[in-house]
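Structure first, then comments.
Here, each number is a calculation from the coordinates, and none is a lab measurement. Computed from a predicted structure; not experimentally measured. Cβ atoms come from the backbone with ideal geometry, glycine included; neighbour counts cover every protein chain shown.
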Amino acid sequence: MGLLKGGINEIIATTSFNAAPMGIHLRDGKMTMVLFAGSHTAENIRKDGWLVANIIHDPVLYVKTAFGDLPHEMFVNEPVGGITMQRLAGADAWAAFTATIERTTTDALVVSLTLKKEIIEEAVIRPVNRGFGNIIDATVHATRYQRTRDKKLKELIDYHAGIIRKCGGKRELAALELLMGFIAKKPE
């Protein structure tokens, strides 16, 4: 397929000056995403019908985009098929898609993606880092914990935090500190 491989690809999705960590499901040649109904990403896809998958290896950026917005200067305009899309300035690679809503529920949208363009900005070899992988998992749990305050989710976050402390480098440890600060706040 190109940049994305079979299974769930963890990327930072950008829509109109919005960024959020997401998983793109690639199964049997079909790419889909499940989005929380009411999220900025879901609303932008409803309105504009496009999404850019940013492949980036900065764990701090995954945490920042999970819990807040980025300034406009962090985005780069890219013309794709007559549409100006935004990608992240620091992406190692990116793939632009048209996005079609397949079905909706009260909680989610299932979106199918059609690849329009993909670019490798910088070819970088990165060894597997368990700290980075665990930041991704902890961030997924933390976004849900922020909404529900479910004790089991907090236990999972703490489990991943232990691995991050053991296996992570400076950026993973900084991302963990940021994540723990976000979940310490009560939901709005």
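Values for this structure:
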item	result
Where the Cα pairs of the chain fall when distances are cut into 10 Å bins, in %	9, 36, 38, 16, 1
Angle between the chain longest axis and helix 151-167 axis [Cα atoms, degrees, rounded to 10]	90 degrees
The chain: most fluctuating residue of Ala161, Ala174, Ala123 per GNM, C-alpha cutoff 10 Å	Ala123
Per-residue HN-Hα couplings for region 31-48 [Karplus 6.51, -1.76, 1.60; θ = phi - 60°; Hz; x = Gly/Pro]	10, 9, 9, 10, 10, 5, 4, x, 6, 4, 4, 4, 5, 5, 5, 4, 7, 10
Net length gained if the chain between Ser112 and Thr84 were fully extended (0.36 nm per residue, minus Cα distance)	8.1 nm
In degrees, nearest ten, helix 170-184 long axis to first principal axis of the chain (Cα)	80 degrees
Max mean-square fluctuation residue, GNM over the chain, Cα-Cα springs under 10 Å, options Gly90, Gly169, Gly133	Gly169
Förster radius 41 Å - calculated FRET efficiency between Asp48 and Lys185, Cβ distance, rounded to 0.05	0.85
Label-point gap, in nm, between Val128 and Glu73 - each point 7 angstrom along Cα→Cβ	3.9 nm
Sum of -39500 (n - 2.57) over DSSP H runs of 4+, divided by residues of the chain (222 nm, nearest 500)	-12000 deg cm²/dmol
Residue of Pro127, Pro59, Pro79 that the Gaussian network model of the chain assigns the largest fluctuation, springs spanning Cα pairs under 10 Å	Pro127
Cross-link pairs beyond the 22 Å C-alpha cut-off, checked among Lys47/Lys116; Lys64/Lys117; Lys64/Lys186; Lys47/Lys117; Lys64/Lys116; Lys30/Lys154	Lys64/Lys117; Lys64/Lys116; Lys30/Lys154
Loop-located GluC sites (Glu not before Pro) in region 88-134 whose Cβ has at most 12 other Cβ within 10 Å (DSSP)	Glu122
Using alpha-carbon coordinates, inclination of helix 130-148 to the longest axis of the chain, degrees	90 degrees
